[in-house]
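Below is one structure; the comments refer to it alone.
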Amino acid sequence: MHTKVQDVMTRDVASVNGATPFKDIAELLIVREVSAVPVVDGENHVLGVVSEADLLRKEEFREQYYREGYRPPLRARLRARLGRTGGDGETKARGETAAELMTCPAVTVRPYTTAVTAARLMDAHEVKRLPVVDGEGRLQGVVSRRDLLKVFVRPDADIAREVREEILERSLWVETSGVEVVVSGGVVTLRGRMTRRSEARIAVRMTQRVNGVVDVVDELEWQEDDDAGWAGR
């Protein structure tokens with residue numbers, strides 16, 4: 001029920017090699033309308049990533065090395081101090097090729113990584129795109145924030161059908177004919193009556209994990225409270 005990176009990633013990936021010039025990288029980002037491209041070797045192993053931020057850093061640091069007394073912005077100095085530039089400021093400022101400009105090592109994911117894990121990696125590393133690699137580190141695709149949002153544009157009817165068929169009818173192994181499933185804008189409302197409170201709680205939890213579900217409104221009732229300890233949690 002969890003969406004995998006391979007389900008939403010872009011397979012037609014623009015990439016560059018270490019010798020690709022600054023201008024060619026900039027043009028590629030513009031033409032392909034992407035914020036970053038992987039840097040690969042001759043066997044398609046991912047070496048690093050060149051992003052818009054890496055290219056703009058050339059301008060950000062330029063005057064630091066060509067005009068006396070200039071200090072780059074505090075954010076730039078902190079980023080350099082924390083080692084998040086993938087290289088020192090001077091290298092970025094003078095870099096002319098992908099190998100000199102790229103941030104490395106690249107933060108990558110595998111095709112079977114869940115969309116949730118990929119989103120957390122993007123947030124933790126403050127990046128918008130992640131190269132997808134196989135077990136040998138070879139480029140398979142790229143997953144972006146926009147790709148991950150595809151999970152939430154799933155039709156309501158598809159969500160409702162999965163909740164009914166995969167959860168209520170096949171997974172719970174209990175009587176669920178008295179449960180109604182209503183989906184609107186990705187928000188699932190479960191209403192009706194079940195035999196046990198624990199079963200109702202499991203139904204809600206499993207529904208929350210269905211792809212495309214934004215939220216679950218629990219309006220379920222039950223005949224037997226077999227989980228009294230849950231009330232205060």
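Values quoted throughout were computed directly from the atomic coordinates according to the rules given, and no laboratory measurement underlies them. Since the structure is predicted, the reported quantities are computational estimates derived from the model, not experimental observations. Positions of Cβ are backbone-derived with ideal geometry, glycine not excepted, and every protein chain shown enters the neighbour counts.
The table for this structure:
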item	result
Extension gain (nm, one decimal) between ASP41 and SER171, 0.36 nm per residue minus Cα-Cα	42.2 nm
Label point distance in nm, THR195-LEU149, each placed 7 Å from Cα along Cα→Cβ	4.5
Rounded to the nearest 20 debye, dipole of region 154-230 from Cβ charges on Lys, Arg, Asp, Glu	180
Virtual spin-label span in nm between ASP134 and VAL116, 7 Å along Cα→Cβ	2.9
Virtual paramagnetic centre 7 Å along Cα→Cβ of GLU180, amide N under 16 Å, in region 188-225	188-194, 217-222
Approximate spin-label separation THR10-ASP227, in nm, with each point projected 7 Å along Cα-to-Cβ	4.2
Theoretical FRET efficiency, 1/(1+(r/R0)^6), r = Cβ-Cβ of ARG32 and ALA160, R0 30 Å, to 0.05	0.20
